[in-house]
Structures are given as C-alpha cells and as structure tokens.
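The values are calculated or read from the model by the stated rules, or taken from the named source; none is laboratory data. This is a predicted model, so every value here is computed, not measured. All Cβ positions, glycine included, derive from the backbone under ideal geometry; neighbour counts span all protein chains shown. All accessible areas refer to the heavy atoms of the entire protein, side chains included, with ligands and DNA or RNA removed. Shrake-Rupley method; radii C 1.70, N 1.55, O 1.52, S 1.80 Å.
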Amino acid sequence: MIRVKSEALQPGMMVARDVKNIDGMLLAPQGCELSERQINILQAWGVTEVEVEAGAEMAKAHDPLAQLPPEMLAKLTADLRARFWKPDDFGPVPAEIFKLMLLRQAQQHLRPPA
Amino acid sequence: MTNPPTIKAMVQAVPRSLGSYGPVLLEIEAALQSPQCNLSTIGDAIQKDPDLTARLLRLANSPFFGFANRLSTVAEAVSLLGIQQIQDMIVASSVLDQFKGVPDSLVNKDSFWRHSLAVGIAARLLAMERRLPKPDKFFVAGLLHDVGRLVLLSQAAEWAQKVFECYQSEKILLREAEKKILGYDHQQIAAELLQSWSYPPVLVQAVAYHHTPNQSVSKLDAAVVHIADHLVNAMGIGSSGEQFVPPLDDKAWSLLGLETENLAKIVEAVDAQILAVEEAFLKK
C-alpha cells in the first residue's frame, strides 16, 4: 500500500483504504478501481492523498528509500541514529517515528528543498 | 564553591518589557476598553507599526493560516484571525525581543528560535489533529517551551557554562546536566517565569512539564508540547542546545491517541510552514 497525492492519481489504481470526506461520506470504497471521473470527484472534495494498492513497479517508484544508492541509505541511517538518544531501546512508536524521519531525509536528499 | 542561583532570583532579574511592540499592545488594549471599539480601530492601532503590519500580513497569508494570499489589509487579518490570536502572536514575538542580548556562545539564538517556532507549529498542528480547543495557544506554548534556558543563559551565564561542560563530559541529556549542576531544570525556570508574567495556568502547565507530561495536572496539554518537541528534534530543525532527540514518553503518546500514520502529514505540514513563520517572526 502506498500514498499517492491526488494530482498524481491514475485511472486503474486500486483504492487500498476507504476514502471519506470530512463528514464521513464515502467517496471511494476500498478495493475499487479508480476511474477518471472518480479521480475528479476526489480532487473536487479536496482530498490530498489516497492510499492505493501498490504493484511492485509502482511501489519502487514511490519509495524514496528504494531509489537511494545503498551506501547513501546507510549513511543517512547512521547519521540519523547518531542523533537519537539510545536508539537501541526504541519501542514500537519511536521506531515508527525513526522510519518516518529516515523517509523525510531520503526525500530531501532526492529533492533538496529550494 | 558557591551555590547556584535560585529560580526565583533569576526570574525576578529578567526585565519585564514588551519590547518594541509595547506601544501597539497598549494601544490595542486601550481600544478594546473603548465602547466604540471595532475591527478598524484595532487595525489602525496595528497599522501604526509598519514592521508589525508587514509581518502580520506575511503570516496571515502563509500556509500557517492557509488563507492563501487573500488577505491584503490588517482589518481583514484581524477579522479572520481574531484579536485574541493576534495579541498572543504579538506578545510571543515580544518575548523573542526580550532575550535579544543573550550571547550566542553556548546556544545559537537563531537556531534556538527556529527550534522553538517549529515546536510551536507542530504543537498547534497536533492540537488541531486531536481537535483540542484553541490550538493557537499551543503555538505560544511551543514557542516558549525552552525559554527557561534563555533565562539561565542571560541571568547566570557562568552556571550555564558549567551545565554545558557537564553535558559534554558526561554524555548525558542536557536536562540531566541541568538537574545535576543546578538542582533544577529549564522547565522549572520557564514555569516560574511564565507564572510571574501571569500567563494562563494551562499554558504554564504545558511548558512546565514538557519533558515530564505525566506529572502535570493538565497531562494532555503537556503531552502535546512533549510530542511536538520530540518530533521537531527528530526532524533536526534548529536546536535549543540539546544535540540529541530526547526520549519519547509512551504514556504521553497514548494519551494523545494519535496513530503514527497521522504523523507523516504533520511532519510535512511543519516543513511547509516553518519558512513563512520564521520570516514573520525572525526576519530582521
């Protein structure tokens, strides 16, 4: 499952989790294949991103960690670890936060902020 | 060896001034007392200070508020953001003014305020995500959460020096070094300062327990600032002197009741807002 920004949605992508508007109205159910028209509706409702099922190719294209050269990924991981207090004692939540930060580092490395 | 100064003594020595925005704040207060008060009298009071006007419009039109370049006059900004919120923002930036003279030798002030603003942004976003009332209060709480460090640096520089020496030689967290050398930490100093400035108790609680949210009487408020601080340290935006990402309190996390999946969105929003907020508050 990957998150795709609404403007990058393509017809044929499969919705991986129900998309609802702020009032809880269902806009696209899990498992449905998006049509052009549905994508327009999601955009009109101001949905910013949708979780869709990932084919192997697409997962790679959307995963910054997979796009980095392995030695760069190792360097970013080591640099980040050095900043955290006792990273060996991480429970599940700090581990998730660490993953999120690594992803952010990778994105910034691939697309440096202007 | 002499004893470290008491928290009270340090806090009492901090000059109480509203800095360069003092006249505007007094004028807003006076306008609010008047039965003829309306949005344009408040707008006029603000507009007498062109620098403040520019900053306010910059912030109002930034992703922080999300009105996307639609506000062109101060009166519009006042009506959409609210007087309370604008007063809070002006008071918050006058605190920045207050510690201008603190030397950069131990803590770089630009980096310190960058960190503080980012924690303010993150705390406000977390409060909005959790649908807590008055999320903007959390911006002020985040902005001021480490102000105790500035009090120490400005009022007892030699003791701050000792704290940093201990921090570096013993490889412990900066807050642990504070407790070891001084017997108290920066959150206790900040609590005393904000209390003496008559800040609302909720805000004092959120700042006073941002490292130990479970000891607070308003645990949830303190938890919001705690988690915001953790996230911003992890993102590496500025620094208040601590080089490590301090540990996350599990209880505070469960109290806030957010999923880790929600964090990606918040982290992205902090990145999107920090530049404009920095420009509004820090640009000279």
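Which one is nearest to the chain's Cα centre (by Cα) among residues in segment B:120-139 that are among the hydrophobic types (A, V, I, L, M, F, W, C) and open to solvent by less than 10 Å² (accessible area, probe 1.4 Å)?
Initially, segment B:120-139 is screened for residues among the hydrophobic types (A, V, I, L, M, F, W, C), giving B:121-123, B:125-128, B:132, B:138-139.
Filter again for open to solvent by less than 10 Å² (accessible area, probe 1.4 Å), leaving B:121-123, B:126-127, B:139.
Details: B:Ile121: 9, B:Ala122: 11, B:Ala123: 10, B:Leu126: 15, B:Ala127: 15, B:Phe139: 6 Å.
So, considering only residues that are among the hydrophobic types (A, V, I, L, M, F, W, C) and open to solvent by less than 10 Å² (accessible area, probe 1.4 Å), the one nearest to the chain's Cα centre (by Cα) is B:Phe139.
Looking only at segment B:194-219, residues that are under 23 Å from A:Phe90 (Cα atoms) and open to solvent by less than 30 Å² (accessible area, probe 1.4 Å) come to 3 in all. Number of residues in segment B:234-270 that are without any contact (Cβ under 8 Å) to a residue 40 or more places away in the chain and touching a strand residue (DSSP E or B) at 6+ places or on another chain (Cβ under 8 Å): the value is 3.
Looking across B:Lys162, B:Lys180, B:Lys171, one residue alone is charged (D, E, K, R) and at pLDDT below 95. It is B:Lys171.
Of A:Met14, A:Met1, all but one fail to be in contact (Cβ under 8 Å) with a residue 40 or more places away in the chain and under 20 Å from the mean Cα position of the chain (by Cα); the exception is A:Met1.
Going by the conditions given, is A:Arg83 open to solvent by less than 30 Å² (accessible area, probe 1.4 Å), within 29 Å of B:Lys171 (Cβ to Cβ), modelled with pLDDT of 90 or more and not β-branched (Val, Ile, Thr)? So that I can check it myself, show each step before the final result.
Values: open to solvent by less than 30 Å² (accessible area, probe 1.4 Å): no; within 29 Å of B:Lys171 (Cβ to Cβ): yes; modelled with pLDDT of 90 or more: yes; not β-branched (Val, Ile, Thr): yes.
Against the criterion (open to solvent by less than 30 Å² (accessible area, probe 1.4 Å), within 29 Å of B:Lys171 (Cβ to Cβ), modelled with pLDDT of 90 or more and not β-branched (Val, Ile, Thr)), A:Arg83 does not qualify.
Sort out which residues of segment B:1-49 are among the β-branched types (Val, Ile, Thr) and in a loop (DSSP other than H, G, I, E, B), and write them in order of number. The answer is B:Thr2, B:Thr6, B:Val14.
Results for (1) within 14 Å of another protein chain (Cβ to nearest Cβ); (2) open to solvent by 30 Å² or more (accessible area, probe 1.4 Å); (3) modelled with pLDDT of 85 or more; (4) within 25 Å of A:Val19 (Cβ to Cβ), shown as yes or no for each residue.
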| site | (1), (2), (3), (4) |
| --- | --- |
| A:Ala56 | no, yes, no, yes |
| A:Pro69 | no, yes, yes, no |
| A:Met72 | no, yes, yes, no |
| A:Ala95 | yes, yes, yes, no |
| A:Lys99 | yes, yes, yes, yes |
| A:Leu102 | yes, no, yes, no |
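Of the residues contained in segment B:220-231, one or more are found to be open to solvent by less than 40 Å² (accessible area, probe 1.4 Å), within 12 Å of chain A (Cβ to nearest Cβ), assigned to a helix (DSSP H, G or I) and β-branched (Val, Ile, Thr).
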